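Participant: Provided herewith is a single structure, encoded as structure tokens, for subsequent inquiry.
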Amino acid sequence: MAAALQVLPCLLRAPSRPFLWGPPVARMTSGMALAEQARQLFDSAVGAVQPGPMLQRTLSLDPSGKQLKVRDRTFQLQENLYLVGFGKAVLGMAAAADELLGQHLVQGVISVPKGIRAAVELAGKQEMLLKPHSHIQVFEGAEDNLPDRDALRAAQAIQQLAERLTADDLLLVLISEEKQTLTKLLAARGATIQELNTIRKALSQLKGGGLAQAAYPAQVVSLILSDVIGDPLEVIASGPTVASTHSVQDCLHILNHYGLRAALPRSVKTVLSRADSDPHGPHTCGHVLNVIIGSNSLALAEAQRQAEVLGYHAMVLSTAMQGDVRRVAQFYGLLARVAAACLTSSTAERPLEEEAKLHQLAAELQLPDLQLEEALEAVAKAKGPVCLLAGGEPTVQLQGSGKGGRNQELALRVGAELGKQPLGPVDVLFLSGGTDGQDGPTKVAGAWVMSDLVSQASAENLDFATFLDNNDSYTFFCSFQGGTHLLHTGLTGTNVMDVHLLVFHPQ
């Protein structure tokens with residue numbers, strides 16, 4: 001990221017822009033202007049789920065400063081407040097909570113990914129760093145998103161703090177899903193975050209309601225930043241403050257499904273064999289208030305509002321885009337062709353055959369909240385530019401040894417789909433970005449493409465199919481048009497899955 005900052009012209013970054021994007025081309029084309037608007041919408045989505053604003057919307061102190069209000073619940077404060085947290089975005093959440101409640105905070109312990117403080121400082125986000133006098137202790141661990149000794153030390157410190165609490169104490173829990181996988185094998189084979197977290201819960205004393213049990217009889221308020229489709233409380237960060245409904249048999253079923261049971265280390269097999277297969281009774285979490293303070297739907301709602309300000313007819317298509325990235329790309333490609341035809345043709349000329357294929361593919365993807373028919377009707381009635389928004393988390397089954405992430409690969413695959421046939425007199429842009437600013441093992445959030453990607457790549461002698469076969473989307477976008485299609489945001493300090501934008505602008 002530091003290298004990227006050095007090569008970007010100073011003129012690029014307008015003072016009002018909260019994030020840094022790729023370098024501009026010499027002449028601003030209509031496509032680049034469209035991309036700039038899409039980037040503004042992505043900015044607004046990420047901005048809506050920043051730690052400070054989220055905490056301020058949720059927590060407040062009464063004028064006396066002795067009562068904490070969490071939504072519609074009130075808790076007494078009398079030097080009895082403790083704080084714990086874990087996850088990628090928890091550092092900024094803890095800093096915001098400390099700013100608001102620091103005078104009442106006795107002790108805090110948070111577990112964050114290794115290097116996060118240095119990355120936050122490099123990104124210039126001083127507001128997301130704890131003050132020197134803070135009572136919150138920070139543990140950095142889980143290097144490369146894998147459990148390690150430092151992560152274990154953090155978990156032990158959190159458990160010890162929770163176990164010392166009494167009925168007079170209040171524990172504030174900050175949760176941001178960080179996707180620490182026990183092994184890269186499940187993720188590489190396309191396992192969902194729900195499956196990964198089911199495994200994790202069986203192997204942790206704090207997951208699956210374990211933290212809530214340790215803190216009993218203290219009151220527990222859990223503030224949750226959701227990075228899981230549908231915002232299921234027991235799945236987000238493996239539900240440390242929610243009673244588990246999964247058993248060891250669920251774990252074994254997942255491992256068998258991906259053919260990985262035999263490949264597990266002996267230590268993991270031992271823990272699974274000893275794990276309690278009975279779900280914790282619901283009485284164990286009766287002292288807990290779980291509140292989702294940030295989610296993908298909140299981010300998309302803000303982007304929709306901003307799109308309407310820019311003159312778009314905007315609609316949220318889904319907050320649950322999931323499934324294999326190839327199928328999701330096919331869905332967006334079909335949607336783009338059908339929507340472009342609806343936007344530029346009469347009702348009688350709608351491409352019914354492709355529309356039927358689109359609905360069939362949508363049914364196969366099983367997206368629970370998909371507003372497909374409503375979106376197509378809205379596009380057909382629109383008199384100008386249209387923006388369809390979606391969020392979620394597709395999965396990539398790794399086959400090659402290239403470098404990339406699900407957002408860049410999705411963008412590249414959608415670009416390939418858009419180039420299969422002419423879309424008529426309408427400019428079409430697709431953007432996919434991770435709200436945490438890091439797409440896979442890269443320093444970018446994602447990428448954007450337009451319908452001329454295939455022809456433009458061919459003109460630059462770039463065979464996008466070869467890059468896709470090797471899961472090497474990052475290398476492709478670095479080479480394509482000087483890297484201008486990559487989304488450089490730096491660390492955002494939040495994490496609510498991905499944002500997808502499909503923009504139509506009649507020529």
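The values are calculated or read from the model by the stated rules, or taken from the named source; none is laboratory data. Note that the structure is a prediction, hence the values are computed from the model and not measured. Reconstructed Cβ throughout: ideal geometry from the backbone, glycine too, with neighbour counts over all protein chains shown. These area figures cover heavy atoms from the full protein model, side chains too; ligands, DNA and RNA do not enter into them. Shrake-Rupley method; radii C 1.70, N 1.55, O 1.52, S 1.80 Å.
Participant: Look through segment 485-507, keep the residues that are open to solvent by 10 Å² or more (accessible area, probe 1.4 Å) and assigned to a strand (DSSP E or B), and return whichever of them is nearest to L389 (Cα to Cα).
Facilitator: So the residue we want is H505.
Participant: N461: out of contact with any helix residue (DSSP H, G or I) (no Cβ under 8 Å at 6 or more places or on another chain) and open to solvent by less than 10 Å² (accessible area, probe 1.4 Å), yes or no? Talk me through it step by step, then tell me what you get.
Facilitator: Working: out of contact with any helix residue (DSSP H, G or I) (no Cβ under 8 Å at 6 or more places or on another chain): yes; open to solvent by less than 10 Å² (accessible area, probe 1.4 Å): no.
So N461 does not fit the description; no.
Participant: How many residues are among the acidic types (D, E) and either assigned to a strand (DSSP E or B) or surrounded by fewer than 17 Cβ atoms within 10 Å (Cβ to Cβ) (or both) if we restrict to segment 383-408? Before the answer, list the steps.
Facilitator: Initial filter on segment 383-408 (among the acidic types (D, E)): 393.
Narrowing further to those that are either assigned to a strand (DSSP E or B) or surrounded by fewer than 17 Cβ atoms within 10 Å (Cβ to Cβ) (or both): none.
Matching residues across segment 383-408 total 0.
Participant: Name the residue, out of P385, P394, P441, P425, that is closer than 25 Å to Q366 by Cα and in contact (Cβ under 8 Å) with a residue 12 or more places away in the chain.
Facilitator: Among P385, P394, P441, P425, only P394 is closer than 25 Å to Q366 by Cα and in contact (Cβ under 8 Å) with a residue 12 or more places away in the chain.
Participant: Out of A363, A380, A411, A340, which single residue is in contact with a helix residue (DSSP H, G or I) (Cβ under 7 Å, 6 or more places away or on another chain) and either assigned to a helix (DSSP H, G or I) or open to solvent by 50 Å² or more (accessible area, probe 1.4 Å) (or both)?
Facilitator: Going through A363, A380, A411, A340 in turn, the sole match is A380.
Participant: Would you point out which residue out of Q438, Q408 is among the polar types (S, T, N, Q) and touching a strand residue (DSSP E or B) at 6+ places or on another chain (Cβ under 7 Å)?
Facilitator: Selected residue: Q408, the only one of Q438, Q408 that is among the polar types (S, T, N, Q) and touching a strand residue (DSSP E or B) at 6+ places or on another chain (Cβ under 7 Å).
Participant: Next question, about the same structure. Mind counting the residues in segment 472-484 that are in contact (Cβ under 8 Å) with a residue 60 or more places away in the chain and open to solvent by 10 Å² or more (accessible area, probe 1.4 Å)?
Facilitator: Within segment 472-484, residues that are in contact (Cβ under 8 Å) with a residue 60 or more places away in the chain and open to solvent by 10 Å² or more (accessible area, probe 1.4 Å) number 5.
Participant: Regarding S64, is this residue in a loop (DSSP other than H, G, I, E, B) and either loosely packed, with under 14 Cβ neighbours inside 10 Å or out of contact with any helix residue (DSSP H, G or I) (no Cβ under 6 Å at 6 or more places or on another chain) (or both)? Steps first, answer last, please.
Facilitator: Values: in a loop (DSSP other than H, G, I, E, B): yes; either loosely packed, with under 14 Cβ neighbours inside 10 Å or out of contact with any helix residue (DSSP H, G or I) (no Cβ under 6 Å at 6 or more places or on another chain) (or both): yes.
Yes.
Participant: Would you say V328 is within 27 Å of the chain's Cα centre (by Cα) and not in a strand (DSSP E or B)?
Facilitator: Criteria met by V328.
Participant: Determine which member of the set S247, S297, S277, S318 is at pLDDT below 60 and either of a type outside the set (A, V, I, L, M, F, W, C) or more than 17 Å from the chain's Cα centre (by Cα) (or both).
Facilitator: Of the residues listed, the single one that is at pLDDT below 60 and either of a type outside the set (A, V, I, L, M, F, W, C) or more than 17 Å from the chain's Cα centre (by Cα) (or both) is S277.
Participant: When segment 76-97 is examined, which residues are found to be closer than 21 Å to G294 by Cβ, open to solvent by less than 10 Å² (accessible area, probe 1.4 Å) and part of a strand (DSSP E or B)?
Facilitator: Within segment 76-97, L83, V84, G85 qualify.
Participant: What are the residue pairs meeting all of these: first residue in segment 237-263, first residue within 30 Å of L223 (Cβ to Cβ) and outside any helix (DSSP H, G or I), second residue open to solvent by 10 Å² or more (accessible area, probe 1.4 Å) and modelled with pLDDT of 75 or more, Cβ atoms under 7 Å, and 6 or more apart or on different chains?
Facilitator: Close Cβ pairs (under 7 Å, with a partner that is open to solvent by 10 Å² or more (accessible area, probe 1.4 Å) and modelled with pLDDT of 75 or more) amount to T241/V288; T241/N290; V242/N290.
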